[in-house]
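Take a look at the structure set out below.
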Amino acid sequence: MRAILLLCIFFLGAHPASAQPKRIPPPGIPVPTEVREKLGKQLLAFQTEITNVLAQRGGENSMQLFPDVQVYEKAVRYALEHDEFYRTNEFEIAEQLLAEGNRRLRDFKARNERWLGAKGLLVRGYQSRIDGSVQPYGLIVPESYRRGDGKRYRLDVWLHGRDEKLTELKFMHERATRRGEFAPADTFVLHPYGRYCNAFKFAGESDVFEALQSVQEYFSIDASRIVLRGFSMGGAGVWHLATHHAYHWVCAAPGAGFAESAEYLRLKPESRLPFERVLWQWYDAPDYALNLYHCPTIAYSGELDKQRQAADVMERALRAEGLPLVHLIGPKTEHKYHAETKHVLETLVDAVAAKGKEMQPSDIRFTTRTLQYPKMHWIMLLGLEKHWVRADVRAKLMSNRVTMSVTNVRSFMFHEMDARTERNLKEVEINGQRITNLVKAQDTAYFIFVKTNGLWSAGGSQAEMIATTRKGMGHQGPIDDAFSSPFVFVPPDGNGFHDETSSWIGREFKRAVYEWRAQFRGDVQVVNASEVKDWTQNNHLVLWGDPQSNEVIREILQKLPLKWTAETIEVGGKIYDARKHVPLMIFPNPLAPDKYVVLNSGFTFRGFGSNADQTAKLPDYAMLDISKDDPFVDGIVTAGFFNEEWELE
């Protein structure tokens, strides 16, 4: 609560001077004094009741449904505190949301969550594991749904387009009043908020799966019939989520959008730093096109739409993998669906969804560049020989044996393989090497395979395979990776070595807190260094300051790959003046090696331009000269990636 109050005080102040000139979301219209006072009084009463319920029932299992109430408080609070009303009718919408929130609160207190029995349009919420914030989502519950009827239902995920004024207030109102572009019969339709307008990347990517999990926990969803579709920015999100998580969907139907950064933005390679170009591989869908072998994809473009470029790029990438792309084109149509072509699209999607996907295919084709995306059906990669270089897996399951060819892979396991198939498995052949001694890893129920000195073997230890002294699944950087799973900020707790660097770090801390709220719609959890022990095991620690101003940095410094005194900072054998340089870094946390520590950085893209330019801008580490006009443009004196053992090369 202390941290939340601190942040509220900060947010009510001026926008940080170091932030980008264009405020996102943009400033709203003036709120009449009487309206602000009325809404503020209603909001305070609602907040008081919420606090009472949390105090009385905080430990109950039923509290997993309480975000369905809390999202209404958040929507109105954010609009009031952060000047996010854009039309006068939104004042009335805020009152309507508070009224609905109070109705749900009364039902919740009476242990009667009747809103969950509603059909049609439904607004719900969940508590994010990333920052503890409540996030909204919309859901269409089909009229045919009967709880407990034993039936598993198809679900469609719809990803919305870009709207810089799409606050929680507007999103929740739309999800309560509009069915959206597609609403098939006998089908649930999930509308994720995606944490605003980031093209469903970073925390926006996590939002899709957290919202989906929330739906699956209460409603009976057929995992073999989950459809992914969206348009414009949502179409870009479909290209990304379909190629990176192909095994999850029965089919994908992207409309317009973008599929990569460089060609869409017409960038010259020399216009961006080398490590940024490497990091385009994180989200560029063409690099993962092979994975659509497992996800039938039906693209739509308007004939006259400039965003047709996305499907053209993907068609070229798929052709290089020997795969076709069904690409429907609306004749003489710009940035919208053509009515007749839309009908054809619906028919094709319905046919694929009705059939369902194969839950354990015998033929696997998989590619990745990073262990942020390690899985394809029953194969899970645990280690790469080198990150940001293409890794490939081809696998064929035949009765009691598996034949495989792999490149740039050093360890993997058979994950969630059908139990009967696993019991009957007698032989695995990897790149021509036959393994018949199939023993499971010592500390897991899975078959794990590791390459040592060029030879593959089965068994060993899962802990050894995913040792955090190496880059591994979900533990591979770069800096931005820390903000897709639970993290806390730890600010300086004293004076730093130098006023100049301390002031710069302080401004960056405030900017990072502000931008997380503005662009990812959550309140950063801020803890004092003295409280860190309570947070270390379950959170990445984002440490701000230097060894003098932050006791946690001081405690772990000898186990980090840098030396830092009042005079100098040494990284990779190079020495920098500590009076005008600040290191930024992600590294395994010496206090909890399966978590990260991050030094002096929030997410690394700055500003709010094209969604295609919302990509990671820094690798695993960087040294900034803060005396430059813009240290992130002309002050990066060194930057790079650690190797697979988290060592500097």
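The values are calculated or read from the model by the stated rules, or taken from the named source; none is laboratory data. None of these values were measured; they are calculated from a predicted model. Cβ placement follows ideal geometry from the backbone for every residue including glycine, while neighbour counts extend to all protein chains displayed. We work out accessible area using only protein heavy atoms, side chains counted, and drop any ligands, DNA or RNA first. Shrake-Rupley method; radii C 1.70, N 1.55, O 1.52, S 1.80 Å.
Miscellaneous remarks
- Look at the stretch 345-364: where a residue is under 19 Å from Arg401 (Cβ atoms) and touching a residue at least 40 places away in the same chain (Cβ under 8 Å) and a partner is open to solvent by less than 60 Å² (accessible area, probe 1.4 Å) and part of a helix (DSSP H, G or I), sitting 6+ places away or on another chain with Cβ atoms under 7 Å, you get Pro361/His294.
- Of the residues Leu155, Leu159, the single one that is closer than 29 Å to Asn89 by Cβ, in contact (Cβ under 8 Å) with a residue 24 or more places away in the chain and of a type in the set (A, V, I, L, M) is Leu159.
- Answer residue from the stretch 484-497, given it is open to solvent by 30 Å² or more (accessible area, probe 1.4 Å) and at pLDDT 95 or above and is nearest to Ile626 (Cα to Cα) among those: Phe497
- Verdict on Val637 being part of a helix (DSSP H, G or I), under 25 Å from Lys574 (Cβ atoms) and more than 17 Å from the chain's Cα centre (by Cα): no
- Test: residue in the stretch 414-423 that is of a type in the set (A, V, I, L, M, F, W, C) and in contact with a Lys or Arg (Cβ under 9 Å, 6 or more places away or on another chain): no
- The residues in the stretch 319-337 that are closer than 17 Å to Gly255 by Cβ and either open to solvent by 70 Å² or more (accessible area, probe 1.4 Å) or without any contact (Cβ under 8 Å) to a residue 40 or more places away in the chain (or both) can be counted, and the count is 12.
- Residue that is within 33 Å of the chain's Cα centre (by Cα) and more than 21 Å from Tyr621 (Cβ to Cβ), where the choices are Lys471, Lys440, Lys426: Lys440
- Scanning the stretch 598-624 for residues that are open to solvent by 10 Å² or more (accessible area, probe 1.4 Å), within 26 Å of Val490 (Cα to Cα) and either assigned to a strand (DSSP E or B) or free of Cβ contacts under 8 Å to residues at least 60 places away in the same chain (or both) gives a single hit, Tyr621.
- Qualifying residue in the stretch 420-427 (condition: open to solvent by less than 40 Å² (accessible area, probe 1.4 Å), closer than 28 Å to Glu644 by Cα, at pLDDT 95 or above and in a strand (DSSP E or B)): no
- Neighbours by Cβ (under 9 Å, 6+ apart or cross-chain): first from the stretch 504-526, on the phi < 0 side of the Ramachandran plot; second part of a helix (DSSP H, G or I) and of a type in the set (Lys, Arg): Asp523/Arg517; Val524/Arg517; Val526/Arg2
- A single member of Lys595, Lys559, Lys580 is surrounded by 14 or more Cβ atoms within 10 Å (Cβ to Cβ), over 26 Å from Ser503 (Cβ atoms) and among the charged types (D, E, K, R), and it is Lys595.
- Lone qualifier among Glu276, Glu210, Glu181 - being touching a residue at least 24 places away in the same chain (Cβ under 8 Å) and closer than 30 Å to Asp634 by Cβ: Glu276
- Subset of the stretch 338-357 that is in a loop (DSSP other than H, G, I, E, B) and in contact with a Ser or Thr (Cβ under 8 Å, 6 or more places away or on another chain) - its residue that is nearest to Ala289 (Cα to Cα): Lys357
- Test for Glu385: is it open to solvent by 60 Å² or more (accessible area, probe 1.4 Å), closer than 26 Å to Val278 by Cβ and not polar (S, T, N, Q): yes
- A single entry from His335, His327 fulfils the requirement of being closer than 23 Å to His245 by Cα, in contact with a strand residue (DSSP E or B) (Cβ under 7 Å, 6 or more places away or on another chain) and not in a helix (DSSP H, G or I): His327.
- Exactly one residue among Tyr126, Tyr145 is of a type in the set (Ser, Thr, Tyr), under 18 Å from Phe209 (Cβ atoms) and either in a loop (DSSP other than H, G, I, E, B) or modelled with pLDDT of 95 or more (or both), and that residue is Tyr126.
- The residue that is surrounded by the most Cβ atoms within 10 Å (Cβ to Cβ), counting only those in the stretch 434-460 that are over 21 Å from Met376 (Cβ atoms) and in contact (Cβ under 8 Å) with a residue 12 or more places away in the chain, is Gly460.
- Residues (open to solvent by less than 60 Å² (accessible area, probe 1.4 Å), modelled with pLDDT under 95 and not in a helix (DSSP H, G or I)) located in the stretch 27-59: Gly58
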